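Novice: Can you read through this structure? Questions will come right after.
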Amino acid sequence: MIFDFFITKHECTHKNVPVDVEEAYCPDCGALVKNKWYLVRCACCNIKRKAHIEYSHIKTDTKFCPNCGSTDFYVEELSGINFMDVHYAVFKKVVINQEHQITRQIWVEEECEEQKLLSVKN
Ligand SMILES: [Zn+2]
Ligand SMILES: [Zn+2]
């Protein structure tokens, strides 16, 4: 079920979108592409597992967890990448559709309003 999400539905791989930005327009197809980061953890003992993306599927580098020997794992989506996780995290380029973009902008504006109100109160 989780893995359906990782199946690429677009033919463009957006390989020219830099990975060190949060999001950018793909120079090859014009889509707004967001770099999403994921962390793979052992389902049994919860430690971070090293992983990579193979044919749009997340796979752990080793079959068994080095800590508990389990083969089960789950994928956690990160809101951003920090250097502590960079050796474990895998990323995927995800196309953001226009709807999501609009929703997000409205939300950000509302948050700003709220911050203004708070600073007035203070
Ligand atoms: Zn593209
Ligand atoms: Zn484990």
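The values are calculated or read from the model by the stated rules, or taken from the named source; none is laboratory data. Keep in mind that what you see is a predicted model, and the values were worked out from it rather than measured. So basically every Cβ, Gly included, is an ideal-geometry build from the backbone, and we count neighbours across all protein chains shown.
Novice: Within segment 1-21, which residues are more than 16 Å from ligand 1 (Cβ to nearest atom), loosely packed, with under 12 Cβ neighbours inside 10 Å and either at pLDDT 80 or above or not charged (D, E, K, R) (or both)? Break it down into steps so the answer makes sense when it comes.
Specialist: Here is the first cut: in segment 1-21, the residues more than 16 Å from ligand 1 (Cβ to nearest atom) are 1-7, 20.
This time we only want the ones that are loosely packed, with under 12 Cβ neighbours inside 10 Å, so: 1-4, 7, 20.
Residues satisfying the conditions are M1, I2, F3, I7, D20.
Novice: Within segment 54-83, which residues are modelled with pLDDT under 85 and at positive phi?
Specialist: Once the filter is applied, which keeps residues that are modelled with pLDDT under 85 and at positive phi, segment 54-83 yields Y55, S56.
Novice: Working only within segment 37-81, note down all residues that are under 13 Å from the mean Cα position of the chain (by Cα) and among the acidic types (D, E).
Specialist: Result: E76, E77.
Novice: Go over the candidates A51, A24 one by one and state the one that is within 16 Å of ligand 2 (Cβ to nearest atom), small (G, A, S), modelled with pLDDT of 90 or more and touching a Lys or Arg at 6+ places or on another chain (Cβ under 9 Å).
Specialist: On the way: A24 fails: within 16 Å of ligand 2 (Cβ to nearest atom).
One residue alone meets the criteria, A51.
Novice: Then there is this: Restricting the search to segment 28-77, which residues are part of a strand (DSSP E or B) and within 16 Å of ligand 1 (Cβ to nearest atom)? Let's see the steps before the verdict.
Specialist: Kept after step one, since they are part of a strand (DSSP E or B), are these residues of segment 28-77: 32-42, 48-49, 51-54, 57-60, 73-77.
Scanning segment 28-77 gives L32, V33, K34, N35, K36.
Novice: Exactly one of (1) at pLDDT below 85; (2) of a type in the set (K, R); (3) in a strand (DSSP E or B) is unmet by R104. Its number?
Specialist: (3)
Novice: Would you check which residues across segment 44-66 are in contact (Cβ under 8 Å) with a residue 24 or more places away in the chain and within 20 Å of V86 (Cα to Cα) and list them? Explain how you work it out, then say what you get.
Specialist: Looking only at segment 44-66, we keep the residues that are in contact (Cβ under 8 Å) with a residue 24 or more places away in the chain, and these are 44-45, 48-53, 56-58.
Of everything in segment 44-66, those that are in contact (Cβ under 8 Å) with a residue 24 or more places away in the chain and within 20 Å of V86 (Cα to Cα) turn out to be K48, R49, K50, A51, H52, I53, S56, H57, I58.
Novice: Limited to segment 59-73, what total is found for residues that are within 9 Å of ligand 2 (Cβ to nearest atom) and within 18 Å of F91 (Cα to Cα)?
Specialist: Residues that pass the stated criteria total 1.
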